[in-house]
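Below is one structure, written out as structure tokens, with a few remarks after it.
The values are calculated or read from the model by the stated rules, or taken from the named source; none is laboratory data. Just so you know, these numbers come straight off a predicted model, no measurement behind them. For neighbour counting, all protein chains shown are included, and Cβ atoms are generated from backbone atoms with ideal geometry for every residue, glycine included. The area values use the complete protein model at the heavy-atom level, side chains included, leaving out ligands, DNA and RNA. Shrake-Rupley method; radii C 1.70, N 1.55, O 1.52, S 1.80 Å.
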Number of protein chains: 2
Amino acid sequence: MLLDEDLHIAPNCGSCPIRHRAVCARCESTELAALEDIKFYRSFQAGQTLIWSGDRMDFVASVVTGVATLTQVMEDGRTQTVGLLFPSDFVGRPGRDTAPYNVIATTDVMMCCFRKKPFEELMARTPHIGQRLLEMTLDELDAAREWMLLLGRKTAREKIASLLAIVARRDAGLQGQVRQRQVTFDLPLTREAMADYLGLTLETVSRQISALKREGIIELAGKRTVHVPDIDRLIEEAADDADGGMPG
Amino acid sequence: MLLDEDLHIAPNCGSCPIRHRAVCARCESTELAALEDIKFYRSFQAGQTLIWSGDRMDFVASVVTGVATLTQVMEDGRTQTVGLLFPSDFVGRPGRDTAPYNVIATTDVMMCCFRKKPFEELMARTPHIGQRLLEMTLDELDAAREWMLLLGRKTAREKIASLLAIVARRDAGLQGQVRQRQVTFDLPLTREAMADYLGLTLETVSRQISALKREGIIELAGKRTVHVPDIDRLIEEAADDADGGMPG
DNA sequence: GGGACTCTTTGATCTGCGTCAAAGCAGGTG
DNA sequence: CACCTGCTTTGACGCAGATCAAAGAGTCCC
């Protein structure tokens, strides 16, 4: 049996530096105890499709370990990833019964699932959970809109830097090592998966990563392990900011 | 004084063919009667910025007439529109007190505003409203993710066709003329605003519109009025679909 | 060890869209 | 009317990133 610390009811959710947060044990431990009865676990291998777009969903779930993507595919095969799921992120929606996207494990993944009906009943009984879900959804909406800026207006280099910065932040958050200048992390995505998330081709992804390496902004150990000697320099490359002008 | 039919509490919201729906009078007329006390109206001219990114928001609001955009601007001026607001769409979020985007009127706009604090209190008293807001937010999230596919993977021509199809549908929805083969509507956006929404330049937008006109897929009367002789042909150009594969 | 994979890198070439420039076309105003 | 001013169209050209092609590198299995 798994320990509670591993679950979506993760005690660290409050300190998670990025936007997707799960229901937190700290805030509502008593209500969530009831969830114990209706939850179960599923494991998947890297590359496996957890959920196919259009599938009936009779559960909601949250990622315990690993990383998965939400992906849309056009008839002719063009693919766009519309979300990354890290540990503590939520999948599936109360009130919706077919999946709108493919959910694909990009590393080995463990999910904690809740049967949808009892979960919805619990939600009805516990307004706090609904509020939390609304807050999480708003965070996802903000993240999606930030990604729209990236897809619509950033150069290939900026896109890569943005993605690396985001993965670095989430990874650092999971390991509790926030606010350090140097970071080392494993890329949970293949070049192709990165390309699908960034609206590029895998060749362009590879070339831009090589360029960042050549310029010393990142260092690679193997293909997946990335070391960032100065995170601020990376963030600079990402052109990450979103500010309007001044009133007037 | 304005008539209730004009408001976000619009009786037609249930039949609105697209994703952003507002709180509906049909479902919860009694609770919303209380909103009468805390609401007020504001008008804006085309081109005016209603809300600046970073501004303090002490109200939430809903569009009564006209069209506005949600827009992000990078330091160097690159601009990406991340949402279109049509009549009945909602602006601002309970629980968030600064605006994350510029909200810009692209036509003359009338908004119906509610002071945030009383609105939040009402929400706490009326779980139904919270549920509705969650549902609306999920719809917006889906729309944002659909737009990510457009921004990341569609060609300029497909982008234009997609935008025209969406405006046609929303416009037709407002006028109650759903499911007709021919549609005529006014573009509520300048070429530049379209470009900012589609991740293109205004020149490319202009060229692609000219091309669609040349091929008889659309007809123009003036610069803003569009007639679509066969909506299915337009939708075909939009390459609009998002389907995964089959299970296996 | 040596295939057979899968994933990644790198090179050569092509092209869709961006950039720069100029002209057309309202609608408003003195 | 002539003259703005703001929006749109069209043309010529260049480039970032796509496409096509091939070779490297790691891992698994016999």
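For the chain pair A and B, the interface hides roughly 4700 square angstrom of accessible area in total, found with a 1.4 Å probe. Placing a label point 7 Å from the Cα of A:Leu202 along the Cα-to-Cβ direction, the residues of region A:151-168 whose backbone N falls under 20 Å from that point are A:156-157, A:159-161, A:163-164. For B:Thr107, nonlocal amide neighbours, meaning residues 5 or more places apart or on other chains whose placed amide H falls under 5 Å from its own, are B:Gly47, B:Val67. Mean sequence separation of contacting Cα pairs (under 8 Å, at least six apart), scaled by the length of region A:155-238, corresponds to a relative contact order of 42 percent. Couplings 3J(HN,Hα) of region A:181-194, computed from phi: 6, 9, 9, 10, 8, 9, 5, x, 10, 6, 4, 5, 5, 4 Hz, in residue order, whole Hz [Karplus 6.51 cos²θ - 1.76 cosθ + 1.60, θ = phi - 60°; x for Gly and Pro]. Here A:Asp139 yields copy-to-copy label distances, from shortest upward, of 2.5 nm, the label point defined as 7 Å from Cα along Cα to C-beta. For B:Gly83, nonlocal amide neighbours, meaning residues 5 or more places apart or on other chains whose placed amide H falls under 5 Å from its own, are B:Leu70.
Distances between copies at B:Ala124, taken between label points 7 Å from Cα along the C-beta direction, are 2.5 nm in increasing order.
Pairs over the 23 Å Cα-Cα cut-off, from the set A:Lys154/B:Lys116; A:Lys159/B:Lys154; A:Lys154/B:Lys223: A:Lys154/B:Lys116; A:Lys154/B:Lys223. Probing with 1.4 Å while keeping every protein chain in the model, the per residue accessible area of region A:47-135 equals 37 Å². Each of A:Asp108, B:Asp55 has its accessible area taken with a 1.4 Å probe; listed largest first, they run A:Asp108, B:Asp55.
Rounded to the nearest 10 square angstrom, B:Ile129 shows an accessible area of 0 square angstrom against a 1.4 Å probe.
For B:Leu151, the accessible area of its heavy atoms, probed at 1.4 Å with every protein chain present, is near 10 square angstrom. Potential lengthening of the chain between A:Glu120 and A:Gln180 amounts to 17.6 nm, from the contour at 0.36 nm per residue minus the alpha-carbon distance. Spin-label model, A:Glu236/B:Thr225: points 7 Å from Cα along the beta carbon direction are separated by 5.5 nm.
Counting only protein heavy atoms and using a 1.4 Å probe, the accessible area of B:Phe86 comes to about 10 Å². Mind jotting down the distance between the C-alpha centroids of region B:102-122 and region B:40-79, whole Å? A separation of 9 Å, based on Cα centres. Based on protein heavy atoms only, region B:154-238 ends up with 48 Å² per residue of surface accessible to a 1.4 Å probe.
A 1.4 Å probe over all protein chains sorts B:Thr81, B:Thr65, B:Thr107 by accessible area into B:Thr65, B:Thr107, B:Thr81, starting with the largest. Inter-copy label distances for B:Arg42: 4.6 nm (label point placed 7 Å from Cα along Cα→Cβ; shortest first). Shielding value for B:71-80 is 6, the average number of Cβ atoms from other chains within 10 Å of each residue's Cβ. Sequentially through region B:61-68, phi angles give Karplus couplings (6.51, -1.76, 1.60; θ = phi - 60°) of 8, 9, 6, 9, 9, x, 9, 10 Hz, Gly and Pro residues having no value and appearing as x.
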